[in-house]
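Peer 1: Can you read through this structure? Questions will come right after.
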Amino acid sequence: MGLIKGSLALTRYRVTQEPPEDLSDEYISGRLLKNSFVDIEHSPEEKSLGWVEFFNHLDAGFNPAVYRFGGLTAFTLRLDTRKLPAKTIARYYAVREAEYIGKLGRKPNSLAKKELKETVKAELLRRALLNTELMETVWLHRENEVWLAAAGETRRSIFEELWGRTFGLSLQMLVPATLGLELIAAELKKAFLDSSASPIWLG
């Protein structure tokens, strides 16, 4: 789902506070960069959440040319997660524990067990596939609104937490308006597509 590709699920917010300073490029890009997405492809992290560019979900450089579109700014929330089934961790831990006993001739104590489990989990996480979720975000400055191309309580909570951490501005969710929404969304799609001929999509 999204503003450019696929069906549109949209949540609208009103920004209930004035920005602490003018919406300059320095202000916006600085805050986006501070909360940008960090790749965890080759690390044992289970989750990474942050902003990426609207058209290129592999990049988080945030040059004004990639997020300013007239009277609005656009960027994308990217969430990467990986999960390991408990049975998988238990299976590989049993192997590692057997190796420990064979080498030292005794069972690991509680501290050694904890270290073994953490090592096994970290090794497995590095090999686990990542699941990527993208939520396109548009900030309409003149209308004092933010549009999120996502719906559902869980996705909204994730977005609201990152938005607050990034800009420190309170949001009020608006009751969805159906009249004219499809037309407005279509106009936004055209504006975005006219601005970049080769978007890079992960999803």
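Peer 1: Using the 10 angstrom Cβ neighbour count as an exposure proxy, how do 31, 106 rank, fewest first?
Peer 2: Fewest-to-most Cβ neighbours within 10 Å comes out as 106, 31.
Peer 1: Residues with beta-carbon under 12 Å from that of residue 40, excluding residue 40: net charge, scoring Lys, Arg +1 and Asp, Glu -1?
Peer 2: -1
Peer 1: Post the alpha-carbon centroid distance, segment 103-178 to segment 25-60, in whole angstrom.
Peer 2: Computed from Cα coordinates, the inter-centre distance equals 12 Å.
Peer 1: So which of 87/107; 47/103; 47/107; 34/113 end up more than 30 Å apart, counting from Cα to Cα?
Peer 2: Numbers: 87/107 21 Å; 47/103 34 Å; 47/107 33 Å; 34/113 37 Å.
Where the Cα-Cα span goes over 30 Å, the pairs concerned are 47/103; 47/107; 34/113.
Peer 1: Would you mind checking which residues have amide H under 5 Å from residue 38's amide H? H placed 1.01 Å from N; only 5 or more apart, or other chain.
Peer 2: When sequence neighbours closer than 5 places are left aside, the close amide H contacts are 49.
Peer 1: Select from segment 9-116 those GluC sites (Glu not before Pro) which occupy a DSSP coil region and have at most 14 other Cβ atoms within 10 Å, ordered by residue number.
Peer 2: Filter output for segment 9-116: 21, 41.
Peer 1: Still on this structure, I have one more. Could you line up 42, 141 from fewest to most neighbouring Cβ atoms inside 10 Å?
Peer 2: Ascending number of Cβ neighbours within 10 Å: 42, 141.
Since every read-out is calculated from the coordinates, none of them should be taken as a lab result. The model shown is predicted, which means the values in this text are computed figures rather than measured ones. Positions of Cβ are backbone-derived with ideal geometry, glycine not excepted, and every protein chain shown enters the neighbour counts.
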